[in-house]
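Handing you a structure now.
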Amino acid sequence: MTRLITDYTGKPLNECTELELFNGVLNLVNDAEKEKGYNTGKKKLYYISAEFLIGKLLSNNLINLGLYQDVKKQLEDAGRSLADLEEFEYEPSLGNGGLGRLAACFVDSLATLGLPADGVGLAYHCGLFKQNFENNKQSETPDRWLQWGHESWMRSTGKHYTVDFGGFSLTSTMYEIGVTGYGSKCGKLRLFDVDTLDERVIRDQISFDKKQIAKNLTLFLYPDDSDEDGRILRVYQEYFMVANAAQLILEEAQAKGSNLHDLADYAAIQINDTHPTMVIPELIRRLTQKGISFEESIEIVRAVCGYTNHTILAEALETWPRAYLQKAVPQLLPVIEKLQAYVAERYQEPFVQIIDGNDNVHMANIDIHFSHSVNGVAKLHTEILKNTELAPFYQIYPEKFNNKTNGITFRRWGVMCDPALTSLINETIGNDWIRHADDLKKLEDKKDDPDFLQKILAVKQENKQNFTDYLKNYRGIEVDPSSVFDVQSKRLHEYKRQQLNLLWAISVYNDMVEGKFPTRPITVFFGAKAAPAYIIAKDIIHAILTFSKVLDADPDASKWLKVVMLENYNVSLAEKLIPAADISEQISLASKEASGTGNMKFMLNGAVTLGTMDGANVEIADLVGPDNIYTFGQSSDEVIAHYKKADYVSREYYERDPKLRKAVDFLTGDLMMQNGGDPENLGRLSHELLSKDWFMTFPDFEDYCETKARMLADYEDRESWSRKMLMNTANAGFFSSDRTIAQYNEDIWHLTPDTDK
Ligand SMILES: *Cc1c(COP(=O)(O)O)cnc(C)c1O
């Protein structure tokens with residue numbers, strides 16, 4: 001039976017405002033979701049995560065519920081458009097980057113596979129900041145995604161909990177966002193909000209009174225932690241998240257008949273990075289309160305919890321001073337101390353202690369000792385964890401370590417964002433790949449079919465034209481759709497090395513000044529937010545923006561090279577940008593990118609990777625073969641050896657390579673200063689590179705430039721390039737998050753799928 005939008009709007013669609021129309025379709029979707037019902041079962045997974053970067057939901061939910069064509073037609077018949085509603089929808093601001101997007105892909109796949117599961121997190125009112133560029137610099141404003149006047153996907157459940165902190169208690173409300181599965185029942189995101197929130201504590205931009213916990217607790221994701229108040233606030237947030245989660249989990253398990261000794265038969269918890277770590281001592285605390293012994297509580301919690309490590313960057317492995325925990329969550333400290341005693345009794349190695357000699361509490365160490373599973377997120381990453389980063393733990397618990405290579409949902413990152421490619425694929429191999437992604441391999445049969453290769457090129461050109469139009473209409477940016485679209489979009493971080501790409505672009509400019517021009521115009525797109533307190537990252541953004549002005553001001557050069565730094569990179573922008581990309585820049589310093597998921601999205605959409613042998617790039621290279629990827633740079637083993645020996649001196653490279661020297665000098669040269677460059681920012685960036693360059697940009701520079709030149713030359717053989725595109729899409733099936741989630745379930749969670757639909 002067709003659902004009519006007019007039943008929800010109460011008047012003809014052509015008479016509705018955009019808001020009335022949006023709310024009508026939203027309510028239609030919510031009803032369809034409830035009618036589908038939710039995956040249930042004795043055992044349920046709670047995927048706890050500080051971030052869920054879910055993106056807009058309207059079209060995604062329509063696709064998953066099988067209503068997309070029908071709703072689109074109803075709108076079109078009334079002279080309205082779904083595309084307009086998509087633009088009207090506001091993107092939820094509940095995540096930051098790859099980790100949050102992974103959590104969003106996972107809940108999609110969990111629902112689709114019929115697995116009983118909730119995503120559990122916080123309902124940030126302003127989420128991550130909104131990025132603006134002014135004077136070639138990033139500035140930040142609150143992203144008030146909940147106050148936009150529309151009805152929201154986030155529904156109150158009317159359920160409340162109390163959370164105790166040192167000296168005061170707060171109450172929460174649980175909200176829900178439905179997670180539609182593709183042709184399956186649904187799941188839920190359950191997000192906790194503090195009842196006393198008061199947005200008036202926000203001052204200028206994103207600064208706010210960090211001491212007023214009751215009023216600020218769920219305002220921002222990752223509030224500035226450059227001072228102590230900011231760091232303690234994160235402890236309050238994390239505990240608020242897990243104290244609510246623990247109450248929910250115990251309550252639901254008991255309602256299903258658990259006596260708590262058998263909690264692991266009713267609940268699995270996945271700890272997404274270290275932010276939810278305190279769920280371990282919190283559950284132990286609550287179990288002992290109910291009369292279960294400390295020793296047994298440890299065993300129960302260990303059987304329930306799994307931990308996913310997302311990074312080997314030391315600064316991202318959280319440690320909290322004991323004093324912070326004493327202040328914010330004094331009831332947990334005795335538990336943590338007992339856990340430390342438990343560890344000390346068994347293991348002498350200082351590295352594996354929970355509380356170190358300086359009274360810092362190592363959150364990952366709690367996770368590793370008191371979970372039954374520790375996983376990395378790509379093959380190489382897991383090997384580095386076992387052999388280097390967490391080697392002392394691997395010695396103790398070899399059986400706990402396992403790999404789960406990340407994935408992406410093909411509904412959003414294929415069907416929804418690339419309808420042209422989806423149609424071509426469906427015409428060719430049918431549409432089973434949307435749920436059984438390995439089917440894409442059948443496209444390989446077409447790799448020597450010139451007509452098909454032409455069609456692939458036509459799809460890419462259509463997507464490039466669409467993105468070009470979007471930039472012109474919505475952002476006032478003009479680009480040449482016949483240029484090569486060279487894209488690096490991801491968070492700004494020195495290890496991701498946007499600076500390497502920038503130095504290459506500067507070299508291309510330097511060549512042009514000397515009369516050497518590219519074969520075809522190139523547009524380099526960057527999309528990246530920098531953490532507000534990450535100074536060098538902001539300097540890199542400033543350098544990119546300033547250099548883009550240098551190019552725009554040069555009439556000869558700007559015909560051949562344009563640099564576009566896109567403001568406020570988020571999921572919605574990614575969905576437009578990625579299908580239009582020719583080149584996927586994945587150029588992190590080998591060993592530093594745990595997996596990456598952007599790399600997988602580009603691959604699925606037929607972009608060819610230019611990358612280091614890092615994270616999941618290694619697995620991409622294995623799948624597509626050497627003809628269909630461009631790799632360069634030091635290996636992870638070489639990099640790790642350099643760190644160990646501490647023998648890297650960036651200045652030696654600068655002095656040896658005139659092309660590199662010229663590019664680095666350019667950063668602080670006249671042209672940059674004449675185009676709005678700030679000597680302080682650019683001087684600091686240049687000094688950082690010359691005196692430290694911790695992420696080894698310079699040693700990979702020459703190989704990067706040569707490899708990129710070869711890639712651009714190969715691009716000119718359009719048929720052969722199209723074959724590379726095809727081979728990337730055809731081999732992307734492994735990176736479906738359906739595969740990742742099936743592996744988590746097989747090895748870690750052991751949930752029974754809810755099969756009746
Ligand atoms: C996928 C995605 C990321 C992660 O990109 P990486 O290249 O893996 O770092 C970050 N931000 C957004 C908006 C994304 O969609």
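The values are calculated or read from the model by the stated rules, or taken from the named source; none is laboratory data. No experiment lies behind these values; they were computed from the predicted model shown. Glycine gets a Cβ as well: all are built from the backbone with ideal geometry, and neighbour counts include every protein chain shown.
Before we move on, is Y509 aromatic (F, W, Y), assigned to a helix (DSSP H, G or I) and either within 16 Å of the ligand (Cβ to nearest atom) or in contact with a Leu (Cβ under 7 Å, 6 or more places away or on another chain) (or both)? Break it down stepwise before answering.
Numbers: aromatic (F, W, Y): yes; assigned to a helix (DSSP H, G or I): yes; either within 16 Å of the ligand (Cβ to nearest atom) or in contact with a Leu (Cβ under 7 Å, 6 or more places away or on another chain) (or both): yes.
So Y509 passes the test.
Continuing with this model, one more query. Would you mind listing the helices (runs of 4 or more DSSP H) fully within region 224-318 where at least 3 residues are surrounded by fewer than 23 Cβ atoms within 10 Å (Cβ to Cβ) and among the acidic types (D, E)? Steps first, answer last, please.
Values: elements: 228-255, 279-289, 294-304.
In region 224-318, the matching helices (runs of 4 or more DSSP H) lie at 228-255, 294-304.
Here is a check on your reading of the model: is T697 out of contact with any strand residue (DSSP E or B) (no Cβ under 9 Å at 6 or more places or on another chain) and of a type in the set (V, I, T)?
Working: out of contact with any strand residue (DSSP E or B) (no Cβ under 9 Å at 6 or more places or on another chain): yes; of a type in the set (V, I, T): yes.
Considered against the rule, which asks whether it is out of contact with any strand residue (DSSP E or B) (no Cβ under 9 Å at 6 or more places or on another chain) and of a type in the set (V, I, T), T697 comes out as yes.
Let me ask another. So for region 484-491 (the condition being within 16 Å of the ligand (Cβ to nearest atom), within 25 Å of S588 (Cβ to Cβ), without any contact (Cβ under 8 Å) to a residue 60 or more places away in the chain and buried (at least 23 other Cβ atoms within 10 Å of the Cβ)), does at least one residue qualify?
No - not one qualifying residue is present in region 484-491.
Then there's this: What tally of residues in region 185-215 results from selecting those that are more than 18 Å from P142 (Cβ to Cβ), surrounded by fewer than 17 Cβ atoms within 10 Å (Cβ to Cβ) and in contact with an Asp or Glu (Cβ under 9 Å, 6 or more places away or on another chain)?
1
Here's something else I'd like to know. Of everything in region 173-223, what is touching a residue at least 40 places away in the same chain (Cβ under 8 Å), over 15 Å from H125 (Cα atoms) and in a loop (DSSP other than H, G, I, E, B)? Give them in sequence order.
Within region 173-223, T180, G181, Y182, G183, S184, K185 meet the criteria.
Out of curiosity, is R80 closer than 24 Å to P532 by Cβ and of a type in the set (K, R)?
On the way: closer than 24 Å to P532 by Cβ: no; of a type in the set (K, R): yes.
Judged against the criteria, R80 is not a match.
Quick check on D539: is it at pLDDT 95 or above, away from the ligand (no atom under 16 Å from the Cβ) and in a loop (DSSP other than H, G, I, E, B)?
On the way: at pLDDT 95 or above: yes; away from the ligand (no atom under 16 Å from the Cβ): yes; in a loop (DSSP other than H, G, I, E, B): no.
In short, no.
Right, next: Name the pairs whose Cβ atoms lie under 6 Å apart, with the first residue in region 533-554 and farther than 22 Å from I522 by Cβ, the second of a type in the set (A, V, I, L, M), and 6 or more positions between them or separate chains?
From residues that are farther than 22 Å from I522 by Cβ, the pairs are A537/L492; A537/A530; K538/A530; D539/L685.
Still on this structure: Out of D224, D273, I need the residue that is of a type in the set (D, E, K, R) and touching a strand residue (DSSP E or B) at 6+ places or on another chain (Cβ under 7 Å). Which one?
Numbers: D224 fails: touching a strand residue (DSSP E or B) at 6+ places or on another chain (Cβ under 7 Å).
Exactly one of D224, D273 is of a type in the set (D, E, K, R) and touching a strand residue (DSSP E or B) at 6+ places or on another chain (Cβ under 7 Å), namely D273.
Still on this structure: Answer yes or no as to whether Y648 is touching a His at 6+ places or on another chain (Cβ under 7 Å) and either assigned to a loop (DSSP other than H, G, I, E, B) or within 15 Å of the ligand (Cβ to nearest atom) (or both). Steps first, answer last, please.
Values: touching a His at 6+ places or on another chain (Cβ under 7 Å): yes; either assigned to a loop (DSSP other than H, G, I, E, B) or within 15 Å of the ligand (Cβ to nearest atom) (or both): yes.
So Y648 fits the description; yes.
Taking K529 as the residue in question, decide whether it is part of a loop (DSSP other than H, G, I, E, B), within 12 Å of the ligand (Cβ to nearest atom) and among the basic types (K, R).
Values: part of a loop (DSSP other than H, G, I, E, B): yes; within 12 Å of the ligand (Cβ to nearest atom): yes; among the basic types (K, R): yes.
Taking the combined requirement at face value, the residue satisfies it.
Moving on to the next point. Across region 126-142, what is the total count of residues that are within 30 Å of Q247 (Cβ to Cβ) and surrounded by fewer than 22 Cβ atoms within 10 Å (Cβ to Cβ)? Before the answer, list the steps.
Restricting attention to region 126-142, the residues satisfying the condition of being within 30 Å of Q247 (Cβ to Cβ) are 126-128, 142.
In the following step, the residues that additionally are surrounded by fewer than 22 Cβ atoms within 10 Å (Cβ to Cβ) were identified as 142.
Final tally of qualifying residues: 1.
Something else: For region 713-730, state whether one or more residues are out of contact with any Ser or Thr (no Cβ under 6 Å at 6 or more places or on another chain), closer than 30 Å to A437 by Cβ and of a type in the set (F, W, Y).
Yes, because at least one residue in region 713-730 is out of contact with any Ser or Thr (no Cβ under 6 Å at 6 or more places or on another chain), closer than 30 Å to A437 by Cβ and of a type in the set (F, W, Y).
Among helices (runs of 4 or more DSSP H) lying entirely in region 553-645, which contain 3 or more residues that are away from the ligand (no atom under 11 Å from the Cβ)? Break it down stepwise before answering.
Details: elements: 571-577, 598-604, 617-624, 636-645.
Output list reads 617-624, 636-645.
Continuing with the same structure: Quick check on my filter: what residues within region 342-369 are touching a Ser or Thr at 6+ places or on another chain (Cβ under 9 Å) and touching a residue at least 40 places away in the same chain (Cβ under 8 Å)?
Selection gives N360, V361, H362, M363, A364, I366, D367.
Now a separate question. Examine region 91-109 for a residue that is more than 16 Å from the ligand (Cβ to nearest atom), in contact (Cβ under 8 Å) with a residue 60 or more places away in the chain and not aromatic (F, W, Y), and state whether such a residue exists.
If we filter region 91-109 for residues that are more than 16 Å from the ligand (Cβ to nearest atom), which is where we start, we get none.
No, that holds for no residue.
Another question about this same structure. Would you confirm, using the coordinates I've provided, whether D195 is at positive phi and in contact with a strand residue (DSSP E or B) (Cβ under 9 Å, 6 or more places away or on another chain)?
No.
Something else: Does at least one position in region 422-440 carry a residue that is over 28 Å from the mean Cα position of the chain (by Cα) and at positive phi?
yes
Name the single residue, out of those in region 64-100 being in contact with a Phe, Trp or Tyr (Cβ under 8 Å, 6 or more places away or on another chain), farther than 27 Å from N431 by Cβ and part of a helix (DSSP H, G or I), that is modelled with the lowest pLDDT.
Only one residue fits best here, namely F88.
Listed residues L53, L28, L4; which is under 24 Å from Y175 (Cβ atoms) and either assigned to a loop (DSSP other than H, G, I, E, B) or touching a residue at least 60 places away in the same chain (Cβ under 8 Å) (or both)? Even if it seems obvious, please write down each step before you answer.
On the way: L28 fails: either assigned to a loop (DSSP other than H, G, I, E, B) or touching a residue at least 60 places away in the same chain (Cβ under 8 Å) (or both); L4 fails: under 24 Å from Y175 (Cβ atoms).
Result of the check over L53, L28, L4: L53.
Test of understanding: among T409, T428, T422, which residue is at pLDDT 95 or above, closer than 30 Å to L573 by Cα, of a type outside the set (D, E) and touching an Asp or Glu at 6+ places or on another chain (Cβ under 7 Å)? Walk me through it before giving the result.
On the way: T428 fails: touching an Asp or Glu at 6+ places or on another chain (Cβ under 7 Å); T422 fails: touching an Asp or Glu at 6+ places or on another chain (Cβ under 7 Å).
So the residue among T409, T428, T422 that is at pLDDT 95 or above, closer than 30 Å to L573 by Cα, of a type outside the set (D, E) and touching an Asp or Glu at 6+ places or on another chain (Cβ under 7 Å) is T409.
What's the number of the only condition in (1) within 17 Å of A730 (Cβ to Cβ); (2) surrounded by 14 or more Cβ atoms within 10 Å (Cβ to Cβ) that E462 fails to meet?
It fails just one condition, (1).
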